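J.: Sharing a structure, written as structure tokens. Questions coming.
None of the figures in this text is laboratory data; all of them are computed from the coordinates on show. Everything quoted here is computed from the prediction, not taken from an experiment. Here the Cβ positions follow ideal geometry from the backbone for every residue, glycine too, while neighbour counts run over all protein chains shown.
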Amino acid sequence: MATAVDTTPAPAHDGIVVGAPPIVDITALRKSYGSNEVLKGIDLKVQKGEVVAIIGKSGSGKSTLLRCVNGLEVFQEGALSVNGKKLMHDSPTAMRELRQQVGMIFQGFNLFPHLSVGRNIMLAPTLVKSRDAATAAAQARKLLDRVGLAEKFDAMPDQLSGGQQQRVAIARALAMEPQVLLCDEITSALDPELVGEVLRVVESLALEGMTLMMVTHEMAFARKVSDRVIFMHQGRVHETGTPAELFGHPRTPELRQFLSSLHD
Amino acid sequence: MVEFSLWDILRNLLMAARWTVSLSLIAFIGGGLVGLLLLVLRLSRVRGTGRLIGAYVQVFQGTPLLMQLFLAYFGIALFGIKTSPWTAAAVALTLYTSAYLTEIWRGCVASIPKGQWEAAQSLALNFGEQLRHVVLPQALRIAVPPTVGFLVQVIKGTALASVIGFVELTKAGSMISNATYQPFLVYACVALLYFVLCFPVSLVAQSLERKLHGNRS
């Protein structure tokens, strides 16, 4: 079996600072549901500006790993820190600090249905960062413009298509000015013709230097956008490398099998 | 023999109905506040509270309101505190209402998708903010019909307070019918007055429901 863990930073390119402390630092992380261990010792360091794609079969633990990064899942062993802030489940203040560093976008969008698009984006900055309404609204309009939905400020979420809702969710996450953005299969619930508009937004974020960790089934996208691909298998980081290495020259039979199963 | 006109009967019943209204209001407001507190405690997942509140709910749902009134009336007296029927009825109905409301509302909160909590959490909202700005506004919309339905039950439930000697609408009705020997007429008036109290509550609920849903689009 190939080395299960690779802690060397990805090859340097624009925006990635090699040698700097990692922005996401995961050490020996283990998580189980009851007696079922789903993450069996994960070591992963993500540099600022790096785009990491996590691939693998369903049940390989990739979504769980992502959800550990902002504390949606509680892990039993190991350590995790984001931008130097340690994740401590028992401390609400520490969690609030950490979650301001990490934005998350979900498969199911999870917009707040009782709030307009604009209010969805303004909610967290006004509550958590104590912005006044005018500043928050101006920021929300700017972000909506960035994701191509400038005219939807007053619309309600259920008036939007899935692709539009997901773009609003991205704007909502960006409003907190996170250091890292977690994307959990963000196009899996979309009709095929709507996938492109969401991926284009994510790609533009990657180009602007946003640190991204994304669990994805869009292999072509992962190949195009990411600096590093992580293949997870049975709760471990099974193989990792640049997209060219991983997709071009898979070293382990598990990855080869996974990749060939996608073409069937 | 003294003759009682219909107006005499109605007038006396109306006087007593004030107490039915007061008792209902106390049960609504007190029960609502206690119920909300219990709901928040339960949702905060402080160790042990879930089971404790669950047991509290079961006790009040599993025993007749009549027994609860008796127990409140005679039970509080056991501790050496002098209770009036008024206090006992107010306490019993408040606790009874709180147990039902907290359970109804818990169901409404549980029907909000988990993703809403997770989205709120990942935006760094604290527990109170998640509840106040994300979950409760959505739960409220679902909660209106069952809550109002239950409040109508409470208004009618106050009738049971008559058994511990509290003079509200029903007790007044039986006293008047004893004096007038016109039980059918008197109780018909009593029933009518209950209807007059309950019907507007249902109407308000309907308009509230429309308004809350109107927000949506």
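J.: Using r as the Cβ-Cβ distance of B:F4 and B:V196, and R0 as 30 Å, what FRET efficiency do you calculate, to the nearest 0.05? Intermediate values should be presented prior to the final figure.
T.: Working: r = 21 Å, r/R0 = 0.69.
The calculated FRET efficiency here is 0.90.
J.: Still on this structure: Residue by residue through the stretch B:157-168, which ³J(HN,Hα) values in whole Hz follow from phi under the Karplus form 6.51 cos²θ - 1.76 cosθ + 1.60 (θ = phi - 60°), with glycine and proline marked x?
T.: My calculation for the stretch B:157-168 gives x, 4, 4, 5, 4, 4, 6, 9, x, 7, 8, 10 Hz in order.
J.: Here's a follow-up. For chain A, give the magnitude of the charge dipole about the Cα centre (Cβ charges: +1 Lys/Arg, -1 Asp/Glu; no others), in debye to the nearest 20.
T.: 460
J.: Placing unit charges on C-beta atoms (Lys and Arg positive, Asp and Glu negative, everything else neutral), compute the dipole magnitude of the protein assembly as shown about its Cα centre in debye, rounded to 20. Can you show the working numbers first?
T.: Working: 44 positive and 36 negative charges, 202 e Å.
Approximately 960 debye in magnitude.
J.: Skipping prolines and chain starts, which residues have an amide H placed within reach, meaning under 5 Å, of the one on A:V38, given they are 5 or more residues away or on another chain?
T.: Distant-sequence amide H within range of A:V38: A:K31, A:S32, A:Y33.
J.: Here's another thing I want to ask about it. Under the rule of at least 5 residues apart or a separate chain, name every residue whose amide H is placed under 5 Å from the amide H of A:E239.
T.: Answer set, sorted by chain and number: A:F231.
J.: Filter A:K31/A:K129; A:K48/A:K142; A:K129/A:K224; A:K85/B:K114; A:K129/B:K114 down to the pairs with a C-alpha to C-alpha distance above 28 Å, please.
T.: Working: A:K31/A:K129 31 Å; A:K48/A:K142 24 Å; A:K129/A:K224 35 Å; A:K85/B:K114 26 Å; A:K129/B:K114 24 Å.
Listed pairs above 28 Å: A:K31/A:K129; A:K129/A:K224.
J.: Can you list, bin by bin at 10 Å, the percent of alpha carbon pairs in the stretch B:21-148, starting at 0?
T.: Bin by bin from 0 Å, the calculated values are 12, 36, 31, 14, 6, 0.
J.: What value, in deg cm²/dmol to 500, does the helix sum -39500 (n - 2.57) over DSSP H runs of n ≥ 4 give at 222 nm once divided by the residues of chain B? Intermediate results must be reported in sequence, preceding the final value.
T.: On the way: 8 runs with 167 residues, N = 217.
Here the helix-only value at 222 nm equals -26500 deg cm²/dmol.
J.: I'd like the Karplus ³J(HN,Hα) series for the stretch B:57-69: coefficients 6.51, -1.76, 1.60, θ = phi - 60°, whole numbers in Hz, and an x wherever there's a Gly or Pro.
T.: Running phi through 6.51 cos²θ - 1.76 cosθ + 1.60 with θ = phi - 60° gives 4, 4, 4, 7, 7, x, 10, x, 4, 4, 5, 4, 5 Hz.
J.: Further question: At 25 °C and a viscosity of 0.890 mPa s, what translational diffusion coefficient does Stokes-Einstein give for the stretch A:182-264, taking Rh as the Kirkwood radius over Cα pairs? Give it in µm²/s as a whole number. Walk me through the numbers on the way to the answer.
T.: Working: Rh = 13.7 Å.
Result for D is 180 µm²/s.
J.: Also: Roughly how compact is chain A, stated as its Cα Rg over 2.2 N^0.38 Å to two decimals? Spell out each step's value before the answer.
T.: Working: Rg = 18.2 Å, N = 264, 2.2 N^0.38 = 18.3 Å.
Here the answer is 1.00, to two decimals.
J.: Normalised radius of gyration for chain B, please: alpha carbon Rg relative to 2.2 N^0.38 Å, two decimal places. Provide the component values of the computation, followed by the final result.
T.: Details: Rg = 20.8 Å, N = 217, 2.2 N^0.38 = 17.0 Å.
Taking the Cα Rg and dividing by 2.2 N^0.38 Å, one obtains 1.22.
J.: How large is the helix-only mean residue ellipticity at 222 nm for chain A, computed as the sum of -39500 (n - 2.57) over DSSP H runs with n ≥ 4, divided by its residue count, in deg cm²/dmol to the nearest 500? Please list the in-between numbers first.
T.: Working: 9 runs with 95 residues, N = 264.
Using -39500 (n - 2.57) per qualifying helix, the result is -11000 deg cm²/dmol.
J.: Then there is this: Per 10 Å bin, what percent of the C-alpha pairs of the protein assembly as shown does each bin hold, from zero upward?
T.: Calculated P(r), rounded to whole percents: 4, 16, 22, 18, 13, 11, 8, 5, 2, 1, 0.
J.: Quick one: Cα convex hull volume of the stretch B:74-141, Å³ per residue? Each step should come with its number before you reach the end.
T.: Values: hull volume 8.0 nm³, N = 68.
Each residue corresponds to 117 Å³ of Cα convex hull volume.
J.: A further question on this structure: Got a sec to turn the phi values of the stretch A:147-158 into Karplus ³J(HN,Hα) couplings, 6.51 cos²θ - 1.76 cosθ + 1.60 with θ = phi - 60°, whole Hz, x for Gly and Pro?
T.: Going residue by residue, I get 8, x, 10, 4, 7, 9, 3, 9, 6, 8, x, 6 Hz, with x marking Gly and Pro.
J.: At a temperature of 37 °C and a viscosity of 0.692 mPa s, determine how fast the stretch A:35-125 diffuses translationally according to Stokes-Einstein, using the Kirkwood radius over alpha-carbon pairs as Rh; express D in µm²/s, rounded to the nearest whole number.
T.: Numbers: Rh = 15.2 Å.
D = 216 µm²/s.
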